Amino acid sequence: MKYVDEFRDPHKAKLLISEIQRLLDQIERAKQRPLQLMEVCGGHTHTIFRYGIEKMLPEALELVHGPGCPVCVLPIGRVDDCVALAEHPHVIFTTFGDAMRVPGSKKSLLQAKAGGADVRMVYSPLDALQLARTNPAKEVIFFGLGFETTMPSTALTILQAKREGITNFSLFCNHITIIPTVKAILDSPDLRLDGFLGPGHVSMVIGNKPYEFIARHYHKPIVVAGFEPLDILQSIWMILKQIQQGRCEVENQYQRIVPEQGNSQALSAVSEVFELREFFEWRGLGSIDHSGVRIRQAYRDYDAEKKFSVPNLKIADPKSCQCGEVLKGVIKPLQCKVFGTTCTPETPLGALMVSSEGACAAYYRYGRIESMPESAPEPAPDPQPADEAVI
Amino acid sequence: MNAVCQQMPARVRRKLNSKTITLAHGSGGKAMRDLIDDVFISTFDNSQLDTLEDQARFDLAAFNALGNRLAMTTDSYVVDPLFFPGGDIGTLAVNGTVNDLAVSGAKPLYLTCAVIIEEGLDVDVLRKVALSMQQAANTAGVQIVTGDTKVVPRGAADKLFINTAGIGMIAEGVEIHADNARPGDAIIINGFVGDHGAAIADARGELALESSVQSDCQALNGLITVMLDTCPNIHSIRDATRGGIATVLNEFAESSCTCMYLDESAIPVRQEVRGLCEILGLDPLYLANEGKLIAIVPAEHAITVVNAMNNHPAGEHAAIIGEVRENPDNTVILQTRFGGARIVDMLVGEQLPRIC
């Protein structure tokens, strides 16, 4: 397939991996312990597992799967709010597909739908606005979720609704921002990371400048990376090259998509509609200052939190979860006490088991090969998923 | 009296005048008789149905001549939309049940047809579906010999649900079981994966994509006969419907305590289906099929079986897509085109499109 297969060429992959090995051989630090690189974005985690990249890499290199899966880091209390909104009479609650299964304290949106709530999967917030146009007697709520990648489309939809004078449309805003979160990870005392793969789609909107503090203050190299497997390998190679040459810079591997300054139209739509919240709660990471946005006063008529009453309860993550340590690269998913036993994709306890982009779910789904002994009469705790979906 | 009955001319079938189905058509009275006669019996047209008995009756001697075991199966069909590129709920209801029989090595013979209709359905829709069923049954060489009709109030069902049960005979010596897969065996598929799932996603119209993907809905009994003629010792066959080939392969791995090791580059996927999956973040291995089978065949016969399949219309694009290994057991592993390897697990629930 054109524009896809070129970025999945196994021969180029082999070449890049041997170049990566060559660089690692020249980096003294890599001889003491494996170098740890974090891919911030869940889309990268997905690619890494889907193509089996982790197992292709030399042992002196470890990938740490960061916090960039917006579905995973959504706190339980916010899911409960979604369910409460969806269960309002006369409400059509619209959401992206993979948010449907995220468990709340009592139920997920899928379960609310089975119980009679009108929950519909959409592919774009504009689909939700169209539902509002065609169902004037109903209130249509869009579940706004995601980093700067999805924020502009939500903002533009609200601007469109205002222009058209549509009054039965509102947004339940759970958009989050990446920079404060990366900073929180960099500030944690047990940090061991040697470099970052920067989020490609977020950068398409915000550009590369916002990452400069990572290189300048924290002296970590960062390479904004694309989402095809060769993009990932080339970005890893670029980070190692920086380490080998003693540089710490922001570099852009994803130049075919990411402009240096970002997308000014998208950014102005975002700042027109949204403002920073003082803090936002993250599943697995806790409260992080200025890490979420809310709808500005001027657009309050489109704010579902103002239009409807939401319980807005804070519900703590289960104590047994070690999501925070996995997110920071302190432990691997397989080392978590509850991985694959009480925490599985069917019954996720922790954030990272929730969506296919979460590190633990990806490990569970794609990556348990090395956890299985070659001939294993007594395998380690490694339950096979149940035959039937548990929903 | 009996003699008189036998001499009576053929029964005159009743006519249905209504354009839409109402609750009266399920009431057991004249309206229901009109519906059954005019839509189902006239279309399926066989002597078993014309007796108007509550059951079909069979001569056991005819069965015994075809094999030593009876296979029986049932399936319900609730597809939305009812009509989609490459088929409709009627073709699905016949081919699905025929295939569930055929993958055991059975020769499918007779089907039942029970319909649950939501009141308000156009009679023409029902006629079209019945005609599709009859055409599919003709192609597959089976007869629809008994049935049932229910009409439910608006909202109690979605337009039309169909259940078909089927019976067939398994010839002596044919032993096809999910737990028969042995290390070294070849894994064979009869063509492109994911067509049906992609066609349905497209036909629902939520995506406004321009695509020409057709459902692969087809009967597999003819193809399986050819395969068994070439290699009577086929170890396992299953049709890969909901959950795609990933699910069937996991079932084989689990039943036979083996590893199904797949080569991604050997798995036939149409460009259009790949494209749809790329856009939505779906995996073609999990997309539904309605005319695809996975066969586990002893390695020494694999190439002859594939060659024979390639000469049959339902197996034109058949290919060897991997091999059965001993370890890690209970596991499906995909060697990616990119050079890595990953586990292909059972799905937890439905495949949901990713957010970004």
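Inter-chain Cβ neighbour count for B:327-338, averaged per residue, equals 6 (cutoff 10 Å, partner chain atoms only).
Each of A:Lys106 and A:Glu164 was given a label point 7 Å from its Cα along the Cα-to-Cβ line. The distance between the two points is 3.4 nm.
Dimensions of chain B based on its C-alpha atoms, expressed as ranges along the principal axes with the largest first, amount to 74, 53, 31 Å. Counting only alpha carbon atoms, the long axis of helix A:264-273 and the longest principal axis of chain A meet at about 50°. Taking the empirical scaling 2.2 N^0.38 Å for compact globular proteins as reference, segment A:182-245 has a Cα radius of gyration ratio of 1.11.
Here segment B:1-146 has an Rg and Dmax of 16.8, 53 Å, counting Cα atoms alone.
For segment A:252-276 versus segment A:16-50, the spacing of their alpha-carbon centroids is 28 Å. If you line up the long axis of helix A:151-164 against the longest principal axis of chain A, both from Cα atoms, how many degrees apart are they, to the nearest 10? Helix A:151-164 sits at roughly 20 degrees to that axis. Given 10 Å bins starting at zero, what is the percent of C-alpha pairs of segment A:1-136 in each, up to the one with the largest pair distance? Percent of Cα pairs in each bin: 10, 26, 23, 18, 16, 6, 1. For chain A, the residue among A:Thr181, A:Ala60, A:Ala304 whose Cα projects farthest onto the positive side of the dipole built from Cβ charges is A:Ala304.
Among A:Tyr218, A:Tyr302, A:Tyr254, the order by Cβ neighbours within 10 angstrom, fewest to most, reads A:Tyr218, A:Tyr254, A:Tyr302.
Helix content alone sets the calculated 222 nm mean residue ellipticity of chain A: runs of n ≥ 4 DSSP H residues at -39500 (n - 2.57) each, divided across all residues, give -10000 deg cm²/dmol. What is the Cα centroid distance between segment A:62-113 and segment A:315-343, reported in whole angstrom? Taking the Cα centre of each part, segment A:62-113 and segment A:315-343 sit 20 Å apart.
According to the Kirkwood relation over distinct C-alpha pairs, the hydrodynamic radius of segment A:323-367 is 10.0 Å. Of the DSSP H helices in chain B, those that are both long (alpha-carbon extent of 20 Å or more along the helix axis) and hydrophobic (Kyte-Doolittle mean at least -1.0) are B:123-140.
Take the Cα radius of gyration of the protein assembly as shown and divide it by 2.2 N^0.38 Å, N being the number of residues; the result is 1.07.
Here each label is just a point 7 Å from Cα along the line to Cβ, and for A:Cys248 and A:Ser188 those points are 1.9 nm apart.
Each of B:Ser215, A:Ser188, A:Ser105 has some number of other Cβ atoms within 10 Å of its Cβ, and from fewest to most they run A:Ser105, A:Ser188, B:Ser215. A straight line joining the Cα centroids of segment B:41-92 and segment B:123-168 runs 9 Å. Taking the DSSP beta bridges with both ends in the protein assembly as shown, the antiparallel portion is around 50 percent.
Only Cα sites of segment B:163-305 enter the Debye sum here, all with the same form factor; the resulting log10 I(q)/I(0) across q = 0.09, 0.13, 0.14 1/Å is -0.30, -0.61, -0.70, listed in q order.
What do you get for the angle between helix A:76-86 and the principal long axis of chain A? Use alpha-carbon atoms, 0 to 90 degrees, nearest ten. Rounded to the nearest ten degrees, it is 30. On the principal axes of its alpha carbon atoms, segment B:145-241 extends 50, 39, 23 Å, with the longest extent given first. Counting only GluC sites (Glu not before Pro) that DSSP places in a loop and that have at most 15 other Cβ atoms within 10 Å, the longest clean stretch of chain B runs over B:54-171.
The loop-placed GluC sites (Glu not before Pro) in segment A:250-300, going by DSSP, that have at most 10 neighbouring Cβ atoms within 10 Å of their Cβ come out as A:Glu278. Averaging 1/r across all pairs of distinct Cα atoms in segment B:300-350 and inverting the result yields a Kirkwood radius of 13.6 Å.
When chain A is treated as a GNM with alpha-carbon contacts under 10 Å, the residue of A:Val293, A:Val71, A:Val122 showing the greatest mean-square fluctuation is A:Val122. The longest part of chain B holding none of the exposed loop trypsin sites (Lys or Arg not before Pro), meaning those outside H, G, I, E and B in DSSP with at most 12 other Cβ atoms within 10 Å, is B:205-356.
Based on the Kirkwood approach, the hydrodynamic radius assigned to chain A is 21.9 Å, with every pair of different Cα atoms included.
Adding -39500 (n - 2.57) for every DSSP H run of four residues or longer, then dividing by how many residues chain B holds, sets the calculated 222 nm ellipticity at -8500 deg cm²/dmol.
Every number in this text was worked out from the coordinates using simple rules, so none of it is lab data. All of these numbers come straight from a predicted model, not from anything done at the bench. Note: ideal-geometry Cβ built from the backbone for every residue, glycine included; neighbour counts use all protein chains shown.
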